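> Pasting a structure here, questions to come.
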Amino acid sequence: MALPTINPTTTKAWEALISHYENIKNVHLKDLFKQNPDRAQTFSTVWNDFYIDYSKNRIDQTTKTLLLDLAKEVKLEDAIQHYFSGSSINETEERAVLHTALRAPSNKNILVADKNVVPEVTAVKEKIKQFTDQVISGSLTGYTGKAFTDIVNIGIGGSDLGPAMITESLEFYKNHLKLHFISNVDGDHVHQNLKNLDPETTLFVVVSKTFSTQETLSNATTARNWFTDKAPKTEVGKHFVAVSSNIPNVTAFGIEEENIFPLWDWVGGRFSLWSAVGLSISLSVGYENFEALLEGAHEMDEHFKTAPFEDNIPVLLGMLSIWYNNFFKAESEAIIPYSQYLHRLPAYLQQGIMESNGKSVDRSGNKINYQTGTIIWGEPGTNAQHAFFQLIHQGTKIIPAEFIGFKKSLFNDQDHQDKLMANFFAQTEALMNGKTEAEVQEELKSKNLSAQKLKQLVPFKIFEGNKPTTTVLIEKLTPKNLGALVSMYEQRIFVQGVVWNIFSYDQWGVELGKQLATKILNEINDTTISEHDSSTKTLLKQYLN
């Protein structure tokens with residue numbers, strides 16, 4: 001077995017963390033800062049353009065030491081070596097997990113089944129570059145000789161969430177091509193996207209490793225029918241390209257083999273934006289920016305692989321998440337980017353984190369008796385401050401939050417940037433300190449309220465504080481820094497999966513619903529309902545009637 005199989009709850013570090021938690025669980029962050037005037041320096045780390053401040057977390061030096069002891073005791077160091085070396089760590093599917101190879105330099109030697117995969121990766125990158133340059137320059141045209149103006153990415157899951165998130169995050173860097181994303185099998189979604197497009201100037205990128213995913217093939221077929229309603233069927237090959245490993249299915253659809261960009265079985269869907277799945281990213285922002293995205297991710301990979309745990313960003317963040325999930329019993333984490341460009345990042349990370357680590361069976365196939373996975377959610381600040389921050393500030397749940405911000409804006413509007421970042425810094429301070437009863441009373445005294453009204457209002461305006469946050473402050477939103485940020489979260493997923501003793505890279509949980517959907521679709525088409533529970537049967541009757 002490539003990865004160790006250690007139940008974390010049986011380790012000495014876990015036992016020590018249980019005892020330590022009892023000692024620290026009621027300690028207020030304000031007191032921790034008073035005890036250590038250098039706390040901000042003690043619990044922060046600098047790497048390239050990143051400054052990570054985790055001092056506003058409910059930890060002390062003992063916590064950090066014990067969490068890293070846990071990482072070492074479950075053999076995280078060995079697991080990292082297996083991960084990067086091409087071992088089949090996705091054991092239930094008998095696959096390596098090597099999305100990191102997609103962003104490795106061409107001179108690297110990374111083996112899968114004793115074969116160096118880097119030359120193949122490099123060849124696909126070159127194909128992406130050539131195709132991108134041809135489309136952007138207008139030298140590659142549609143069937144009437146007109147240059148392409150619109151790119152439609154058809155995929156679902158990682159084949160949609162990754163490219164959509166990246167292209168929207170890098171909108172500042174985009175060129176003249178307009179990007180559209182079709183994912184949901186909802187017919188209104190695909191038809192809404194198609195209705196204002198011109199078949200003469202639209203290029204479709206169909207992304208499906210197996211070229212058998214129901215949603216993607218349904219949408220691709222609808223798009224092809226839309227195209228052939230207005231153009232000759234023989235011209236489909238000039239307007240459709242595919243990212244897939246199933247060449248027969250793709251060519252049967254009408255896409256020429258030269259327009260197929262390959263995928264490998266060691267690339268999981270939710271980690272595939274770095275591969276040819278990122279073709280729409282390259283088309284949107286140009287290949288140089290796509291390459292910079294890969295470069296940033298690779299640099300974070302190298303940091304994760306080589307940095308000591310004490311300063312290793314993915315390790316530190318992963319272990320903090322375990323601290324809250326397994327000891328404070330926090331069920332969710334908020335990710336709040338203070339950049340409108342990153343508004344799709346929380347949704348992207350929902351798939352990456354929840355599909356990877358939402359498991360209840362360990363690597364030996366045993367039922368797990370501790371919590372795994374966290375519920376991920378979030379929206380951009382400052383919008384989020386006017387929405388769910390009420391719950392984080394004054395609700396009854398503990399919700400660790402990660403704040404992501406940039407020191408420099410892209411349009412250099414300093415007035416807006418200063419206001420944005422003032423909120424960015426203020427919110428983490430407010431969540432930490434809160435507002436005491438004495439502070440509320442002092443504040444209300446200046447409002448000339450009656451004693452009765454003052455007494456009535458005080459309880460509602462108290463903030464307990466002691467709400468944990470981590471701040472990720474980055475120099476500027478560039479393709480390279482975005483690549484590093486996404487890689488940081490990917491490696492954090494790996495850390496958590498190793499500690500929880502689960503397989504992070506399969507996703508059997510998505511299969512059951514798909515299987516039942518196929519069965520029910522046949523019943524809908526035949527208008528014959530077979531055996532179901534009374535609720536499902538009644539709902540089907542309502543739909544068919």
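Readers should treat all values here as calculations from the given coordinates under stated rules, not as data from a laboratory. Since this is a predicted model, take the numbers as computed values, not measurements. Don't worry about glycine lacking a Cβ; one is built from the backbone with ideal geometry, like all the others, and counts go over all protein chains shown.
> Could you work out how far apart the two model spin labels at LEU539 and GLN35 are, taking each label as a point 7 Å from the Cα in the direction of the beta carbon, and quote it in nm?
In this crude label model, LEU539 to GLN35 measures out at 5.0 nm.
> Compute the convex hull volume of the Cα atoms of the chain, divide it by the residue count, and report the result per residue in Å³ as a whole number.
200
> If R₀ is 56 angstrom, what is the calculated FRET efficiency for the pair ASP265 and SER450, using the beta carbon separation as r and rounding to 0.05?
0.20
> Between ILE247 and GLN394, what is the label-to-label distance in nm when each label sits 7 Å out along the Cα-to-Cβ direction?
Spacing of the two 7 Å Cα→Cβ label points: 6.4 nm.
> Fewest Cβ neighbours within 10 Å first, please rank VAL207, VAL185, VAL27 accordingly.
VAL27, VAL185, VAL207
> Among LEU279, LEU420, LEU3, rank each residue by its count of other Cβ atoms within 10 Å, from fewest to most, as a rough exposure measure.
Neighbour counts put them in this order, fewest first: LEU420, LEU3, LEU279.
> What percent does the relative contact order of the stretch 234-312 come to when contacts are Cα pairs within less than 8 Å and at least six residues apart?
Across the stretch 234-312, relative contact order equals 19 percent.
> Which Cα, out of GLY296, ILE376, GLY358, lies furthest along the positive dipole direction of the chain (beta carbon charges, K/R +1, D/E -1)?
Farthest towards the positive end: ILE376.
> Now a separate question. Please order GLU331, GLU168 by the number of other Cβ within 10 Å, starting at the fewest.
Sorted ascending by nearby Cβ count, the order is GLU331, GLU168.
> Hey, another quick one. Give me the extension gain from GLU256 to GLU288: residue separation times 0.36 nm, minus the current Cα-Cα distance, reported in nm with one decimal.
8.9 nm
> If you put +1 on each Lys and Arg Cβ and -1 on each Asp and Glu Cβ, how big is the dipole of the chain around its Cα centre, in Debye rounded to 20?
For the chain, the charge dipole is close to 1100 debye.
> With each pseudo-label sitting 7 Å past Cα toward Cβ, what's the ASP133-LYS305 distance in nm, one decimal?
Label at ASP133, label at LYS305, 2.8 nm between them.
> A further question follows. Determine the calculated [θ] at 222 nm for the chain from helices alone, applying -39500 (n - 2.57) to every DSSP H run no shorter than 4 residues and normalising by the residue count; nearest 500 deg cm²/dmol.
So the calculated ellipticity at 222 nm is -14000 deg cm²/dmol.
> Also, I was wondering about something else. FRET efficiency for ALA16 and TYR143, Cβ-Cβ distance as r, R0 = 60 Å, nearest 0.05?
Efficiency at R0 = 60 Å is approximately 0.30.
> What whole-number distance in Å separates the alpha-carbon centres of the stretch 5-84 and the stretch 138-181?
If we compute the Cα centre of each part, the gap is 42 Å.
> Moving to a separate point now. If you take the Cα atoms of the stretch 54-94, find Rg, then find the Kirkwood Rh from the mean of 1/r over all pairs, what is Rg/Rh?
1.19
> Note down the relative contact order for the chain as a percent, whole number, built from C-alpha pairs under 8 angstrom at least six residues apart.
18
> Grab the Cα-Cα distance for ILE529 and GLU443, subtract it from 0.36 nm times how many residues apart they are, and report the gain in nm with one decimal.
24.4 nm
> Which whole-angstrom value gives the distance between the alpha carbon centres of the stretch 378-400 and the stretch 481-545?
First find each Cα centre; the distance between them is then 28 Å.
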